[in-house]
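Take a look at the structure set out below.
Please treat every number below as a calculation from the coordinates, not as lab data. From a predicted model like this one, the values you see are computed outputs, not experimental measurements. With ideal geometry, Cβ positions are generated from the backbone for all residues, glycine too; neighbour counts draw on all protein chains shown.
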Amino acid sequence: MQSPGIRDFGIRRYSSEDRDDSDLDQLVVEEPLEIILCFRRKSMLVRKPISITMRTPGQDQELAIGFLYTEGILHRRSDILAIERGTDSSISVTVAGDLDLSRLERHFYTSSSCGVCGKTSLQALRMNREIHLDRSRPKHSVEFLLQTPALARERQSIFEHTGGLHGAALFDSQQNLVRICEDIGRHNAVDKLVGAELLAGRSDFSDLLLFVSGRAGFELVQKSIMTGIPFMVAVGAPSSLSVELAREYGSTLVGFLRERRFNLYAGRDRVT
């Protein structure tokens, strides 16, 4: 059975030899998902839409939970009371306790290319969860880091068919691949990854390495740190703000991890 993240399209193929052939091409699916946060205020159930994200269908519950966690709205797995799928491409997450609505005043419209779009100011992006990263672990060798793109690529099943989406993977301190997730949006892939681990029972991310197949933008470094992941490696380039954030919080950040080389921008003590 074909993955919900793949769709076939009839096309015409052309080449320099002027051939005109009919064929089928498999493309990655991009569709909107609305994330709705539900909580009780006194006797009233409040339903607040907080995000519309363009994502690849599949693991929508994991995406919603990961998004709420990496944005600092959800703090632990036990806060979740219910997760419900709507009939209109929406996911509703009911959480325990009252919430400070002022923290939810930002309007989130998340495109597939940029997780920061719609956030109104740099101040609004600052951490709202106390983070302490252990600067002594995990440690990884240069040789292992050079292998991580190939190890992740081997598990990117949808990418093999479409070539059009991002992957995010977690490796443990023994260099085992824990989990990999794919999405047309690189920030969605990370949210799916974090959400899947939370729903599987993980509460501690402090001994993990996060691999991302694209660039190391600010929003991904922020999600990594908010989750408590101290080590992040990316195939693409970091931004100046992502490097500043990694150095501020003591995170290890690697960029341009490809073709048997990489640049280390922060957290040298974890690389052996």
- prompt: Once the Cβ-Cβ distance between residue 44 and residue 84 is put in as r, and R0 is 22 Å, what FRET efficiency do you end up with, to the nearest 0.05?
  reply: 0.75
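What per residue convex hull volume, in Å³, do the alpha-carbon atoms of the stretch 142-270 yield?
That works out to 96 Å³ per residue.
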statement: In nanometres, the difference between 0.36 nm per residue of separation and the alpha-carbon distance of residue 77 and residue 96 is 5.8 nm
message: Using the Karplus curve 6.51 cos²θ - 1.76 cosθ + 1.60 with θ = phi - 60°, what ³J(HN,Hα) values do you get for each residue of the stretch 214-225, in whole Hz, with x for Gly and Pro?
response: x, 7, 9, x, 4, 5, 6, 5, 4, 4, 4, 5
statement: So, relative contact order of the stretch 142-270 in percent, Cα under 8 Å, 6 or more apart, is 20 percent
Proxy reagent accessibility, fewest Cβ within 10 Å first, across 142, 221: 142, 221
- prompt: Amide H neighbours of residue 231 under 5 Å, counting only residues 5+ apart in sequence or on other chains, H built in-plane at 1.01 Å?
  reply: 210, 252
task: Output the peptides 234-244, 197-207 sorted from most to least packed, where packing is the average of other Cβ atoms within 10 Å over each peptide's residues.
output: 234-244, 197-207
- line: The farthest towards the positive end of the charge dipole of the stretch 1-88, of the residues 6, 65, 38, given +1 on Cβ of Lys and Arg and -1 on Cβ of Asp and Glu, is 38
